[in-house]
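Quick notes on the structure that follows.
A short reminder: the numbers here are calculations on the coordinates, not readings from a lab. None of these values were measured; they are calculated from a predicted model. Cβ placement follows ideal geometry from the backbone for every residue including glycine, while neighbour counts extend to all protein chains displayed.
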Amino acid sequence: MSGGPPISLACCGLLGTVAQDDGMRERAFAEACATQGIVPGTADYAHCMVAVHQSLGQPAVEVFRGLFPDSPGRAEAAALSFERSFRAVVDRTRLSPVPGAAEAIAELRASGVRICVVTGLSRRLVGVMLDALDWWRRIDLALSPEDVPRGYPWPDLMLAAMLRLGVEDVRETAYAGTTAAGVMCGTRAGAGIVAGVLTGGHTRDRLRSAGATHLISEIAELPALLAGDDPEPEPGQQGG
């Protein structure tokens with residue numbers, strides 16, 4: 001971690017980074033698409049699910065606006081259906097943290113690094129997930145698209161976390177997440193380290209193309225990365 005100030009804030013994605021996804025997001029999107037007459041086994045369904053995967057991390061309403069560009073009402077209705085479906089999936093699924101996540105977050109906080117969970121999910125769903133994980137006491141802040149003018153892939157979530165937690169230099173911040181949209185958020189906000197996490201979401205090539213300065217196999221590797229025991233920076237990138 002040469003060339004920059006010590007990291008004082010780590011912003012971590014929620015699904016796939018801190019909480020295991022286990023296909024919850026895709027199931028909720030599939031159920032929401034079905035409410036709009038798009039069902040499995042059709043070309044429209046295949047197109048929708050490809051678009052959903054490509055836009056992982058972005059707010060659901062933005063995903064559906066992309067799928068239904070000429071029908072804002074349909075996009076809003078689908079987003080509401082996604083919200084209900086995701087809540088139902090969480091209620092019927094035993095939500096678990098990613099292995100090693102609790103220990104990694106505890107180690108970072110013990111070293112003085114503040115933790116913010118950032119996500120493309122709504123504030124209500126963030127609360128449901130953190131309640132289910134019993135994680136409120138483990139973090140300093142949680143932010144969703146409703147807390148900022150723009151969600152992923154724009155830098156607003158990261159910048160809001162920096163402002164709320166008193167970061168003086170954007171390079172003191174690290175981002176870790178599994179989606180290209182999240183990596184772009186961290187990059188655009190000027191974070192000193194932007195780590196793509198290879199536990200779901202997008203591929204290493206997609207994360208690298210989005211601007212990841214480092215790739216780690218799991219969130220458990222984040223404390224060592226921030227402490228300077230980091231892997232080689234990605235080609236074409238400078239380590240934070």
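Remarks
- Stokes-Einstein translational diffusion, region 1-114 - Kirkwood Rh over all Cα pairs, 1.567 mPa s, 4 °C, in µm²/s: 80
- Dipole magnitude for the chain: about 460 debye, using +1 per Lys or Arg Cβ and -1 per Asp or Glu Cβ, origin at the Cα centre.
- For the chain, the relative contact order is 26 percent, taking Cα pairs closer than 8 Å that sit 6 or more residues apart in sequence and dividing their mean separation by the residue count.
- Cα gyration tensor, region 90-240 - rounded (a/c under 1.5), prolate or oblate: rounded
- Alpha-carbon centroids, region 8-54 and region 164-229: separation in whole Å: 21
- Förster-model FRET efficiency, 45 Å R0, VAL39 and LEU141, C-beta, rounded to 0.05: 0.70
- Applying a DSSP loop filter and a limit of 14 other Cβ atoms within 10 Å to the chymotrypsin sites (Phe, Trp or Tyr not before Pro) in region 3-67 leaves nothing.
- Each helix, a run of at least 4 DSSP H residues, gives -39500 (n - 2.57); summed and divided by the residues of the chain, these come to -13000 deg cm²/dmol at 222 nm.
- Top of PRO69, PRO145, PRO153 by mean-square fluctuation, Gaussian network on the chain, Cα under 10 Å: PRO69
- Cα lying deepest toward the dipole's positive end in the chain, options MET158, VAL90, LEU207, charges on Cβ: VAL90
- Model label sites at LEU80 and HIS47, defined 7 Å from Cα along the beta-carbon direction, differ in position by 2.5 nm.
- Taking a Cβ cut-off of under 14 Å around LEU56, the surrounding Lys, Arg, Asp and Glu residues balance to a net charge of 0, with basic ones at +1 and acidic ones at -1.
- Placing unit charges on each Cβ (+1 for Lys and Arg, -1 for Asp and Glu) gives the chain a dipole about its Cα centre, and among VAL18, ALA191, ALA32 the Cα reaching farthest toward its positive end belongs to ALA32.
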